[in-house]
Amino acid sequence: QVQLVESGGGLVQAGGSLRLSCAASGSIFSINSIGWYRQAPGKQRELVASISSGGNTNYGDSAKGRFTISRDNAKNTVYLQMNSLKPEDTAVYYCRAIVNDRLYWGQGTQVTVAK
């Protein structure tokens, strides 16, 4: 079994920064794509950023220029550095990964950006 454990969420003032982490654990042979989605109240879950095993990155429009995704393959961990946060970034952020060719989701971490 594989688990994705997120950390780093919290409350921050507009213009501030947060770094999210997601660590994969369990019987891991390969992690293909891994990244972050978010879901705000009343809205659909949307891509924030993802990174492939080869390091190729993909960002949602809301994240471009402000967020940076990176991964540490030795630690099976992905990071999301979020800068210049806005109130509209408030959401539950979910880690999503394809591990051993199967899709897994984390339980989510709340990010709240105050005006």
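The values are calculated or read from the model by the stated rules, or taken from the named source; none is laboratory data. Please read these numbers as outputs of a predicted model, since none were measured by experiment. For neighbour counting, all protein chains shown are included, and Cβ atoms are generated from backbone atoms with ideal geometry for every residue, glycine included. Note: accessible area is taken over every heavy atom of the protein model, side chains too, but ligands, DNA and RNA are not part of it. Shrake-Rupley method; radii C 1.70, N 1.55, O 1.52, S 1.80 Å.
Return the residues of region 72-91 that are acidic (Asp, Glu), open to solvent by less than 50 Å² (accessible area, probe 1.4 Å) and under 18 Å from Thr109 (Cα atoms); say none if nothing qualifies.
Applying the first criterion (acidic (Asp, Glu)) to region 72-91 yields 72, 88-89.
Retained after the next criterion (residues that are open to solvent by less than 50 Å² (accessible area, probe 1.4 Å)): 72, 89.
Once the filter is applied, which keeps residues that are acidic (Asp, Glu), open to solvent by less than 50 Å² (accessible area, probe 1.4 Å) and under 18 Å from Thr109 (Cα atoms), region 72-91 yields only Asp89.
For region 8-28, give me the residue count where each residue is open to solvent by 60 Å² or more (accessible area, probe 1.4 Å) and not polar (S, T, N, Q).
2
Please state which one of Ile31, Ile69 is of a type outside the set (Lys, Arg), modelled with pLDDT under 95 and surrounded by 20 or more Cβ atoms within 10 Å (Cβ to Cβ).
Numbers: Ile69 fails: modelled with pLDDT under 95.
When all the criteria are applied, what remains is Ile31.
Can you confirm whether Lys43 is outside any strand (DSSP E or B), more than 16 Å from Val113 (Cβ to Cβ), basic (Lys, Arg) and modelled with pLDDT of 95 or more? Give the derivation first.
Values: outside any strand (DSSP E or B): yes; more than 16 Å from Val113 (Cβ to Cβ): no; basic (Lys, Arg): yes; modelled with pLDDT of 95 or more: yes.
Considered against the rule, which asks whether it is outside any strand (DSSP E or B), more than 16 Å from Val113 (Cβ to Cβ), basic (Lys, Arg) and modelled with pLDDT of 95 or more, Lys43 comes out as no.
Name, by its number, the condition in (1) under 22 Å from Asn32 (Cβ atoms); (2) surrounded by fewer than 15 Cβ atoms within 10 Å (Cβ to Cβ); (3) at pLDDT 95 or above that does not hold for Ser53.
(3)
Of the residues Val48, Val5, Val99, Val113, which single one is open to solvent by 20 Å² or more (accessible area, probe 1.4 Å), among the hydrophobic types (A, V, I, L, M, F, W, C) and touching a strand residue (DSSP E or B) at 6+ places or on another chain (Cβ under 9 Å)?
Values: Val48 fails: open to solvent by 20 Å² or more (accessible area, probe 1.4 Å); Val99 fails: open to solvent by 20 Å² or more (accessible area, probe 1.4 Å); Val113 fails: open to solvent by 20 Å² or more (accessible area, probe 1.4 Å).
Result: Val5 is the single residue among Val48, Val5, Val99, Val113 that is open to solvent by 20 Å² or more (accessible area, probe 1.4 Å), among the hydrophobic types (A, V, I, L, M, F, W, C) and touching a strand residue (DSSP E or B) at 6+ places or on another chain (Cβ under 9 Å).
What number of residues within region 59-103 are under 17 Å from Ser21 (Cα atoms) and part of a strand (DSSP E or B)?
Summing the residues that are under 17 Å from Ser21 (Cα atoms) and part of a strand (DSSP E or B) in region 59-103 gives 22.
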